[in-house]
Amino acid sequence: MIENKTNINWYPGHMAKAKRLIKEQLNLIDIIYEVLDARIPFSSKIKDIDEIVGNKPRIVLMTKSDLCDMEKTNKWINYYESKGYKVILLDLINNKNIDKISTVTHEVLKDLNEKREEKGLKKRTYRAIILGIPNVGKSTLINRLSGKKATVVGNKPGVTKQLSWIRLNEEIDLMDTPGILWPKIDNELIAYNLASFSAIKEEILPIGKVACYILDYMNKNYKENLKLRYGLEEVDEDFIEAYETIGRKRGCIQRGNEVDYDKVSKIVIKDLQEGNLGKVTFDEYE
Ligand SMILES: Nc1nc2c(ncn2[C@@H]2O[C@H](COP(=O)(O)OP(=O)(O)O)[C@@H](O)[C@H]2O)c(=O)[nH]1
Ligand SMILES: [Mg+2]
């Protein structure tokens, strides 16, 4: 169904600008919180993040753990940990593990203040920034971390631009605006995974193709869930039976008692994103 020949060459023009802005701010930063979506722990990664952040300390935060397939996502967690990253799995809707962020930050950065003390310098707060592609939960995370108690700590000395910081606790300040980066899509699978979980816009891939990709993937990996949600036993090669079944079941009927295929596509994508097709992870770790 998916032709590898199709060349998706998609990299928004504002990417270069975003990168430059983030690089400028990095001088002030001690630690990066790199946010990934636990349902696409590979596809949602900013591929050139190393080039942007260098070897600054980094914690990988995987959001939407309430919606992921733990068995598959765990393999990616192990993989990132084997590369030396600390990984924290978050459920931002049910507030799970959020307090770990501060504990792990302290663990990773305690050297910084120990070194300062050795030099006779005063301790200072650690400064963190959130980085990630669109829709992984950056804004939600900032809201959860700041809560109501948050105080905006204002400008740091020596900084000309207006930057606000949120004081998370006596040790950590978080830059109040996340760094948004766009995924460089040089691989068809990544494009489909991002489109399926809505991290890229519809113009890049037509919704019909995205919905068929989802149905095909579900059929191969989570067949039971398709049966549960739509009563689908099998997804045929041309998807026509599947579309007819889902359309009639979900009332996507237009004039002449015909199934409205666009509506079906939208329903499939929305169902996947909202967790109505069960807990799933679409990145394979071989
Ligand atoms: N189920 C679930 N939804 C989440 C979680 N974190 C974020 N979301 C949802 O994901 C969507 C995008 O979140 P947002 O914070 O706007 O992402 P941003 O574009 O990275 O700032 C919103 O609808 C959030 O409610 C999570 O842990 N679980
Ligand atoms: Mg946001």
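Of the listed requirements (1) more than 30 Å from L36 (Cα to Cα); (2) touching a Leu at 6+ places or on another chain (Cβ under 8 Å), L277 misses just one: (1). Within this structure, D99 passes the test of being within 16 Å of ligand 1 (Cβ to nearest atom) and either acidic (D, E) or over 20 Å from the mean Cα position of the chain (by Cα) (or both).
When K156, K201 are checked against the criterion of being outside the structural domain of T103 (by TED's automatic domain parsing) and either more than 30 Å from N27 (Cα to Cα) or at pLDDT below 90 (or both), a single residue qualifies: K201. Taken over region 258-277, the criterion of being surrounded by 20 or more Cβ atoms within 10 Å (Cβ to Cβ) and of a type in the set (S, T, N, Q) is satisfied by S265 alone.
Taken across region 68-91, residues that are of a type in the set (D, E, K, R) and touching a helix residue (DSSP H, G or I) at 6+ places or on another chain (Cβ under 7 Å) do occur, with at least one present. Of the conditions (1) over 22 Å from I40 (Cα atoms); (2) outside the structural domain of I142 (by TED's automatic domain parsing); (3) touching a Lys or Arg at 6+ places or on another chain (Cβ under 8 Å), M175 satisfies every one except a single condition; which number is it? Here M175 clears every test but (2). Scanning region 21-45 for residues that are modelled with pLDDT under 90 and surrounded by 11 or more Cβ atoms within 10 Å (Cβ to Cβ) returns L21, I22, K23, Q25. Sub-8 Å Cβ pairs linking a first residue in region 169-190 that is among the polar types (S, T, N, Q) to a second residue that is away from ligand 1 (no atom under 16 Å from the Cβ) and at pLDDT 90 or above, at least 6 apart or interchain, are N169/S102, ordered by first then second residue.
Please determine whether any residue of region 130-144 is away from ligand 2 (no atom under 16 Å from the Cβ), surrounded by fewer than 18 Cβ atoms within 10 Å (Cβ to Cβ) and either in the same structural domain as V87 (by TED's automatic domain parsing) or at pLDDT 90 or above (or both).
No, that holds for no residue.
Being over 20 Å from I29 (Cβ atoms) and surrounded by fewer than 16 Cβ atoms within 10 Å (Cβ to Cβ) is a property that S82 has.
So, of the residues in region 64-79 that are more than 12 Å from ligand 1 (Cβ to nearest atom) and either under 25 Å from E107 (Cα atoms) or not charged (D, E, K, R) (or both), which turns out to be surrounded by the most Cβ atoms within 10 Å (Cβ to Cβ)? Filtering region 64-79 for residues that are more than 12 Å from ligand 1 (Cβ to nearest atom) and either under 25 Å from E107 (Cα atoms) or not charged (D, E, K, R) (or both), the one surrounded by the most Cβ atoms within 10 Å (Cβ to Cβ) comes out as T73. On the stretch given as region 235-257, residues that are under 23 Å from G275 (Cβ atoms) and either among the acidic types (D, E) or surrounded by 14 or more Cβ atoms within 10 Å (Cβ to Cβ) (or both) total 10.
Does K227 satisfy being in a helix (DSSP H, G or I), of a type in the set (D, E, K, R) and free of Cβ contacts under 8 Å to residues at least 12 places away in the same chain? Yes; evaluated as a whole, the condition is true for this residue.
The values are calculated or read from the model by the stated rules, or taken from the named source; none is laboratory data. Being a predicted model, the structure only gives us computed values, none of them experimental. FYI the Cβ positions are ideal-geometry reconstructions off the backbone, even for glycines, and counts take in every protein chain you see.
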